[in-house]
Each structure stands twice: as structure tokens, then as C-alpha cells.
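Student: Handing you this structure, nothing more for now.
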Amino acid sequence: MTLRNANTNLPGIVGLGASAGGLTALEAFFAHARPGRGLAYIVVQHLDPTHKALLPQLLQRVTAMPVREAEHGLPVAADHVYVIPPNTELTLAGGALHLAKPMEPRGMRLPVNVLFASLASALGGRAIGVVLSGMGSDGTLGMQEIKAVGGLTLAQDPDSAQFDAMPRSAINAGCVDIIAPADTLATRIQAYVDQVTAPVLPGDEDESPAAPPQPLARIVGLLLRHTRHDFSLYKTSTLHRRIERRQAVHGINSLAGYADFLENNRQEIDLLFKELLIGVTRFFRDPEVWDYLVETALPALLERCGTARPLRAWVVGCSTGEEPYSLAIALREAAERLPHPADFAPQIFASDLSPDAIATARRGEYPLSIADAVTADRLERFFRQHEAHYQVNADIRDQVLFAQHDVVLDPPFTRLDLVVCRNLLIYFDAALQRKLIPLFHYCLRPDGLLVLGSAETVGRQTHLFEPVQSALRIYSRRDTRSVERIDFLLNAFPPLTRTTQEHSVSTPNLPADKGDDLKAAADHVLLQVYAPAAVLLNPEGDIVYISGRTGRYLEPAAGKANWNIHAMARPGLRAPLARALKQANEQLEPVHLHGLALTETEKGLTLDITVQSFREPTALQGMTMVVFREVTPQRTAQGQEGSQSAADAAHEAELQQYRDEIIALREEARVSRDALQSSNEELQSTNEELQSTNEELTTSKEEMQSMNEELQTINSELQAKLDDLALAQSDMQNVLNSIEIAILFLDQDLNVRRYTERASTIFSLRESDIGRPLSDLTTTLDYPTLHEDAAETLRTLEASEKQILASDGRWFSVRVIPYRRLDNVIDGVVITLFDITETKTLEKALRRESRS
């Protein structure tokens with residue numbers, strides 16, 4: 001039995017990843033994995049590359065399925081277990097196993113991620129990934145890829161794992177469907193496979209949303225109520241597939257039962273919402289489409305836009321961002337193909353329903369496996385490689401604006417040159433598709449392009465779009481001015497706002513409430529109209545309160561909003577204000593500045609400024625107030641009529657003072673700048689050394705962690721082997737004691753190695769005699785040459801057999817043979833003694849009878 005829509009030649013495949021402590025978990029898993037379910041299992045464990053793996057032999061003890069070490073090109077068969085060999089990476093491609101040498105150094109390898117990524121790519125929604133006990137985070141990225149394509153993901157319950165880091169990492173990443181102890185995971189997988197492989201019911205592929213079954217309508221209603229998103233216009237078959245998957249995860253057989261479960265479980269509603277939004281995407285999907293865009297379509301669009309306006313594009317249903325980043329890279333490459341390349345700055349809007357997908361897209365971080373879809377040249381130019389992922393360069397990320405957006409409900413982006421909506425319409429029913437196509441037409445400029453997925457078309461609405469490349473699903477917007485009416489999508493929804501009736505409110509001449517505080521109102525008018533303009537600053541110089549009109553003295557600085565007074569002050573006020581603020585913070589009295597000019601062009605307007613720092617009251621402690629007072633030309637003229645020359649001299653002296661202060665400040669700034677530069681260089685050098693040391697320590701830590709995991713794995717395997725040996729020793733001891741034959745094992749020096757209980761009645765043996773020479777033992781046998789016969793057998797490897805009489809009258813057949821190990825090495829002798837007393841007695845009796 002295989003998963004629905006699977007290739008009949010390829011069984012369902014379960015990938016299992018484990019590390020330290022994984023042997024116990026794997027044994028518990030396979031002890032409950034029943035054969036005959038049509039599943040194959042691929043096991044990846046962190047192994048010492050120099051150590052021969054014992055895992056196949058150990059797992060064979062607990063399962064009836066054949067367990068073998070993976071080989072390159074080996075086809076995967078149902079009801080088989082395949083184990084990764086040491087020092088390799090194991091992937092699945094074309095229904096066969098592929099082995100490759102790891103590219104990363106030891107300690108940096110993530111073989112579980114590699115396997116899971118290949119399962120997601122090869123099997124899609126039929127992939128099943130299991131993370132068991134282990135240290136580190138290997139397997140998390142691979143589980144995310146399996147989850148993204150709709151596969152099943154399982155993790156061992158961290159409380160039951162010997163090392164919980166690997167399963168906990170996957171769980172914290174939010175990509176695990178089932179969390180359970182290792183001994184129940186196999187049963188959960190088999191139940192899931194049995195449910196999803198149930199026969200497809202008649203009418204399951206009906207695309208009409210009319211009169212949906214009552215349980216499905218309840219589920220859609222719950223989603224609408226809790227998430228604001230309406231799934232009633234999605235294809236019924238799509239909804240059924242995604243809901244059946246959640247049913248299988250929870251072991252619920254009926255749709256009505258799952259609807260009841262949803263009503264009492266808000267968390268499951270969120271999980272189902274995410275399930276319905278799973279997007280299958282990758283970089284440069286359908287390469288022939290991107291080749292045409294880069295070589296033909298996009299250069300034409302860029303030339304049409306020119307440098308007068310930026311090219312605007314909208315990627316609908318962007319999922320985790322691969323498509324919009326592919327478009328940004330394609331636009332960069334298309335611009336380079338123009339006869340006169342220019343610095344184009346396109347605006348790319350990317351939208352999706354899923355907030356998690358948008359957050360992932362904004363980070364621009366993708367697994368190393370994208371190297372399969374992105375060329376080496378593009379990876380080098382547009383990506384930055386990190387230890388465990390690639391990140392899109394900042395200049396490409398800055399071209400894309402991501403937003404959570406519902407194309408069904410939210411207003412669209414407009415005045416676009418390009419709309420990319422690939423493999424989104426296939427999830428909608430025909431009625432919704434007929435409304436989305438006109439919406440895209442409305443969003444585009446004349447001759448704008450629409451790019452759809454390989455399984456999508458504009459349908460019968462060819463009056464809106466004409467094909468540019470039919471096979472590639474690229475269309476150009478038609479001019480529809482002659483069309484009488486276009487059925488826009490938004491016509492089906494109520495307006496966002498409604499007109500409300502406004503009532504005029506009469507204002508009486510006197511306040512209705514005679515208890516109004518007239519004094520407060522009068523003070524407010526005086527402060528706003530007649531008091532001088534003033535601002536209140538915090539200790540950093542940021543404006544926290546403004547009184548009066550300060551627009552003539554302060555203005556917002558260009559760029560990012562900045563409310564600092566040093567940035568907002570007019571050019572003629574900046575330097576005096578800076579000195580006054582510094583002086584006011586050092587003294588209790590206010591600082592007064594007189595006759596300041598705003599700018600060079602406004603010499604007729606001068607200001608008096610007062611700056612005072614507050615130490616009390618508590619509310620104003622640490623703050624500073626700056627008060628502006630304008631001095632009119634008439635006012636200054638009154639004091640200048642009789643003493644023009646004296647005033648000029650005073651102004652000149654004041655200007656000279658300012659010049660001297662400026663020179664001193666410049667010198668002080670230069671010295672400070674040199675000191676800061678020197679300190680910065682030293683800190684930079686120290687930082688680089690610390691960075692290098694940190695990188696070395698991180699590398700060493702990762703290598704030590706990897707080696708520790710490998711040692712843990714080896715220790716588990718060796719412990720299992722020791723248990724086997726102890727059991728075999730017990731079996732052998734019981735066998736030897738049950739046959740009642742006296743056996744004495746000697747090593748190469750003819751020292752006692754082992755003996756049976758029967759032998760202790762012939763030789764004087766106790767447990768403390770292990771290791772004693774044969775010649776030191778006393779025996780009841782009349783066999784003085786026993787030691788010499790044993791030495792001769794050890795030298796010639798020829799067996800010796802004699803009949804010997806004991807002191808108690810019993811006869812024994814004493815046989816001396818070499819002790820041969822399994823590797824065909826002689827390592828001592830074995831002496832066996834058979835009691836032949838009855839045979840001898842019978843022989844004597846027969847002789848007496850024959851004589852008589």
C-alpha cells in the first residue's frame with residue numbers, strides 16, 4: 001500500500017534521523033514497525049567516519065524486515081530498512097539511494113538535513129520525516145522542507161529522549177506534526193498512511209463550492225471567524241486533502257468529528273490555517289520561464305519604464321520569498337543586458353496570507369540545498385553563504401517589500417508593470433478565478449505582463465489579456481476601453497466605510513458649565529498667544545515638549561525623523577545653542593544669548609535665547625528649557641542711534657570671541673578625533689582577534705560536539721554488543737554444564753582459561769585457579785604426560801586422544817585438540833574428558849565371557 005497519487009513503483013518512504021542516544025530510540029521504533037505496510041525506512045545517524053558501523057546488525061535483532069547498509073544506486077524496496085554507511089551523505093533520487101562524500105569538514109556535517117531535503121524534493125507531500133534522540137539541531141531545516149511540501153513530520157517526545165536537543169529544536173521551529181515517544185511513532189505513521197490511502201470518494205474532485213457538506217461548512221466558518229480569511233471559494237478537493245491530513249495526525253476518522261474537535265481547540269484552528277497555506281515554491285521554478293523573462297520580457301519592460309519611473313511588480317502568494325527574490329535577481333540580470341545599463345531600482349511587492357512565511361521571506365535565509373536550483377554564478381553574486389544556510393544579499397532584499405495580504409479581501413496594488421501569480425489560482429474554484437483575472441487587469445498598466453503558473457490560464461477572459469508566450473503562461477494586458485463592463489472582484493464585497501449622519505453642534509457664547517476653570521483657560525490662551533516660544537529638552541537634547549510657534553527657529557532635518565534640537569536648529573543657531581546647552585548643564589543660573597541671526601539672508605531678524613537646566617521639581621529634573629524671543633529691528637535701532645560706533649565695536653569683539661572659540665573647538669575636536677581614531681583602531685584590532693578566537697572556539701566546540709555524538713553512538717553500539725556477548729557467554733555456560741562433559745580450556749601458555757563444573761571433579765579447580773598453569777594442578781587421573789601431550793598438540797596442531805584410569809577406578813577418554821578462534825587463529829588447547837567406565841566394564845565382561 002502506498003500513499004495516494006504515489007508512483008506505484010515507489011513505496012512510501014520514512015526517513016529517520018538520530019544521533020547520540022539514537023540506538024535505543026531506533027530499536028523502540030522498529031520493534032513496533034510492522035512489515036507488510038508498503039513502507040521503506042531510511043536511517044541516518046551521526047557516525048564516526050573511521051569506525052565500522054554495527055547499526056545494521058543491531059537493528060536486525062528487533063525487526064523482521066531486512067536491514068542492510070545503503071549502497072549507491074540501490075533501488076528502494078518496500079518493507080526494507082536502509083542504514084547510512086560511515087563518512088557518507090545519503091539522499092534519494094529517482095527511487096534509488098545515492099551516496100556521496102560529505103563536502104563539509106567533520107563536525108560541520110548535517111546528514112539528516114540532507115536526507116530530509118532529498119525526500120521533500122523527490123516525494124513532495126508523500127515524504128515522512130522522523131527526528132529521534134540526538135544533540136545539536138540537525139534535522140530541523142530538513143523537517144521544514146518536508147513540512148513546506150505537505151509531508152508528515154514527527155519527533156520523539158523530548159522527555160523520553162536520552163538527548164533531547166534534536167527533537168526539541170524541530171519542535172521549537174514549529175515544523176512537527178506529531179510528538180510522541182519513540183515506541184509509538186511507528187504506529188502513528190501506519191495509522192496516518194492507512195487513513196490517507198483510503199479510497200477517494202465519488203465527487204471528491206468537485207470544484208464547485210455550492211452547497212458544501214455541513215461539516216465542511218462549519219470548518220470554513222470557524223476559520224473565517226478566527227482568522228478573518230474566507231476559504232469557501234477554495235476548491236473542495238483542496239480543502240478535503242488538507243483537512244484529511246490533519247484528521248490523520250489526530251486519528252479522527254470523520255469530518256464531523258474533526259469539526260467538533262476544532263470548535264474546542266483554538267490551537268488546532270491555527271494549525272489548520274497554516275496547513276491550508278502551505279506553499280510549494282523554490283528559486284527559479286520552471287527555468288525556461290525565467291530564461292525568457294531575463295532575455296526578452298524584462299529588458300523590454302525596463303526600457304519602457306526608463307529612468308523616469310521605477311518598474312513596479314507584484315508577486316501574489318509569495319510564500320517564503322523564493323519567487324520575489326528570483327524576480328529581483330532576474331531584473332538585475334535583465335538590466336545588465338540593456339545596450340545602456342543604468343541603475344534601475346525596481347519596486348517589488350510580495351504578499352502572502354501566512355505571517356510565518358512573510359517573516360521567513362524577510363530574513364532571506366534558505367538552506368544550503370538551494371544550490372540545486374540556483375546556479376553557482378548566482379549564488380556567488382546574490383547570496384552570502386553561512387555555516388548552515390545561504391542569505392540573500394542586502395541589496396536584493398531591499399528591492400522587495402513583503403506584506404501580509406489577502407488577494408481575495410484586501411485592496412490590490414495598482415499601477416503595476418508586472419504581476420506574478422504562479423500556482424495560486426489552482427487552489428481556487430472557477431468562480432474566484434473569473435474574478436481575480438479582471439482584478440489583475442485593473443492593477444496593470446497598459447501592456448503590463450501577467451505571469452501565471454504552468455497549470456493556470458486566463459480562461460475565457462481573452463478580451464483582457466493576450467498571450468505573449470502561451471506555453472510559458474505569460475500574457476500581456478489588453479486595452480479594454482471598448483468593453484462595457486468588467487466584473488471586478490471588489491464589487492462582491494461591501495465598502496470599507498459607510499457614510500454616517502453628522503449632527504451640527506451649536507456653540508453658545510458662554511460656557512454651559514459655569515464650573516469651568518476660567519483661570520486655566522485664560523492661562524492657556526496667554527501661553528499660546530503671548531508667551532515666547534519655547535521647547536523642553538531631555539538630557540540627550542531631544543525635544544519632548546513645544547510651547548508656542550517655533551517653526552522660524554527649528555525645522556525637521558532631511559532623512560529619517562529626528563527630534564534632536566541640534567539637528568532641527570537653524571544654521572545660525574546651532575553653534576551658539578550647543579555651547580549654551582553645555583554651559584547651562586554646568587551651572588545653576590540660566591544662560592542668555594543676545595542678537596543671534598537665524599541665517600545669512602535674515603540679518604534683520606535677531607533672537608535672544610535663554611537656556612536653563614532644571615534640577616527641581618522632580619518632574620523636570622535633568623531637563624533643559626530653551627526660550628526664543630525675537631528682537632525687532634525697531635527695538636535694536638533705538639539703542640543704536642546715539643552710539644553706532646560703540647555697538648559696532650562690541651559686535652566685532654563678540655564676533656572675534658566667537659571666532660577664537662570656534663578655532664579652539666576645532667582644535668579640541670581634532671585632538672578628540674585623533675584619539676578616538678587611535679582607540680577605534682585598537683578596538684578594531686582587538687575585536688578582530690576576539691572574532692578569530694571566537695570562530696576557532698566555535699569550530700572546536702562543534703567538532704567536539706560532533707565527536708561526542710559519534711562516541712555516544714559507538715558507545716551505544718558497543719554496549720549492545722557487550723550485552724550480546726554476555727548473553728552468549730551465559731548460553732555457552734549453560735550448554736557446557738548441561739552436557740555433563742568435563743572440558744578444560746587452556747591458553748597458549750597452557751594456563752587455565754575456563755572449565756566446566758564436571759572438570760572440577762577430576763582436577764582440583766576453583767574460580768581462583770583461572771590463570772594457573774596446567775602443571776600446577778592435581779588430578780585423579782593417572783596421566784603424568786598430560787602437560788607434554790598438550791604442549792605437543794599446541795605445537796603440531798594434531799589432536800591427541802588416550803584412555804586414562806583415574807584413582808577412583810573410573811576410566812576417561814582424554815582428548816586434546818587445538819583451540820581455534822573465529823578468525824582462524826590458534827589460541828590454546830581444549831581438553832575434553834569423556835567417562836567411559838561403563839564401556840570398559842562391559843569390555844572386560846565380554847572378554848571374560850569369550851575366554852570361558
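Any read-out appearing in this document is the output of simple, stated calculations on the displayed coordinates, not a laboratory observation. Everything quoted here is computed from the prediction, not taken from an experiment. Cβ atoms come from the backbone with ideal geometry, glycine included; neighbour counts cover every protein chain shown.
Student: Given the convex hull over the Cα atoms of region 406-476, what projected area results after averaging over all orientations, in nm²?
Tutor: Details: hull surface 17.4 nm².
Its average projected convex-hull area is 4.4 nm².
Student: So if we plug the beta-carbon distance of N585 and S685 into 1/(1 + (r/R0)^6) with R0 = 45 Å, what FRET efficiency do we get, rounded to 0.05?
Tutor: Details: r = 35 Å, r/R0 = 0.78.
Calculated value: 0.80.
Student: On to the next question. Please report the net charge: other residues with Cβ closer than 12 Å to the Cβ of P167, K and R +1, D and E -1. Walk me through the numbers before you get to the answer.
Tutor: On the way: positive: R168; negative: D138, D157, D159, D164.
Taking every Cβ under 12 Å from that of P167, the sum is -3.
Student: Among V400, V631, which comes first, second and so on when ranked by fewest other beta-carbon atoms within 10 Å? Don't jump to the answer; show the numbers that get you there.
Tutor: Details: V400 23, V631 14.
Ordered by Cβ neighbours within 10 Å, fewest first: V631, V400.
Student: Distance in nm between label sites at A77 and D769, each 7 Å beyond Cα in the beta-carbon direction?
Tutor: So the label points at A77 and D769 sit 5.4 nm apart.
Student: Further question: What does a probe at S254 reach in region 225-248, counting residues whose amide N is under 17 Å from the point 7 Å along Cα→Cβ?
Tutor: Inside the label zone: 244, 247-248.
Student: At a 10 Å Cβ-Cβ cut-off, how would you order T140, T761, T610, fewest neighbours first?
Tutor: Details: T140 27, T761 14, T610 18.
The most exposed by this proxy come first: T761, T610, T140.
Student: Please arrange S160, S133, S613, S775 by counting, for each residue, the other beta carbons lying within 10 Å of its beta carbon, fewest first.
Tutor: Numbers: S160 19, S133 26, S613 22, S775 12.
Lowest count first: S775, S160, S613, S133.
Student: Check L74: other-chain or 5+ apart residues with amide H under 5 Å from its amide H, H built from backbone geometry?
Tutor: Hits under the 5 Å cutoff: L97.
Student: Also: Considering only Cα-Cα distances, which of the following residue pairs are longer than 19 Å: K235/K435; K147/K274; K802/K840; K701/K721?
Tutor: Details: K235/K435 15 Å; K147/K274 10 Å; K802/K840 13 Å; K701/K721 30 Å.
K701/K721, as the Cα separations exceed 19 Å there.
Student: For a label point 7 Å from the Cα of L805 along Cα→C-beta, name the residues of region 835-852 whose backbone N is under 19 Å from it.
Tutor: Only 835-849 fall inside the zone, counting backbone N under 19 Å.
Student: Be a star and scan region 745-770 for residues whose amide nitrogen sits under 15 Å from the point 7 Å along the Cα-to-Cβ vector of R815.
Tutor: Inside the label zone: 745.
Student: Taking the Cα centre as origin and putting +1 on Lys and Arg beta-carbons and -1 on Asp and Glu beta-carbons, what dipole magnitude results for region 737-849, to the nearest 20 debye? Don't skip to the end; give the middle numbers.
Tutor: Details: 15 positive and 20 negative charges, 43 e Å.
Using only the charged Cβ atoms, the result is roughly 200 debye.
Student: Just report the Cα centroid separation between region 401-469 and region 266-309, whole Å.
Tutor: Region 401-469 and region 266-309 have Cα centres separated by 12 Å.
Student: Where the centroid of each part is defined by its Cα atoms, how far is region 71-86 from region 112-183 in Å?
Tutor: Comparing the Cα centres of region 71-86 and region 112-183, I get a distance of 20 Å.
Student: Nearest 20 debye, what's the magnitude of the dipole of region 12-196 about its Cα centre given +1 on Lys and Arg Cβ and -1 on Asp and Glu Cβ? The partial results should precede the final answer.
Tutor: On the way: 12 positive and 15 negative charges, 49 e Å.
Using only the charged Cβ atoms, the result is roughly 240 debye.
Student: With unit charges on the beta carbon (Lys/Arg positive, Asp/Glu negative), name the residue among L54, I42, A93 whose Cα is farthest towards the positive pole of the charge dipole of region 12-196.
Tutor: Of the listed residues, the answer is A93.
Student: Using θ = phi - 60° and the Karplus form 6.51 cos²θ - 1.76 cosθ + 1.60, what ³J(HN,Hα) does each residue of region 172-189 get, whole Hz, x for Gly and Pro?
Tutor: Working through the residues one at a time gives 5, 6, x, 10, 10, 7, 10, 10, 7, x, 4, 6, 10, 5, 4, 5, 5, 5 Hz.
Student: Just to verify a number: FRET efficiency for D782 and L722, C-beta to C-beta distance, R0 = 41 Å, to 0.05? Show your work: numbers first, answer last.
Tutor: Details: r = 43 Å, r/R0 = 1.05.
The pair D782/L722 has a calculated efficiency of 0.45.
Student: Let me spell out the model: positive unit charges on the Cβ of Lys and Arg, negative unit charges on the Cβ of Asp and Glu, origin at the Cα centre of region 234-278. What dipole size does that give, in debye rounded to 20?
Tutor: On the way: 7 positive and 6 negative charges, 50 e Å.
Computed charge dipole of region 234-278: roughly 240 debye.
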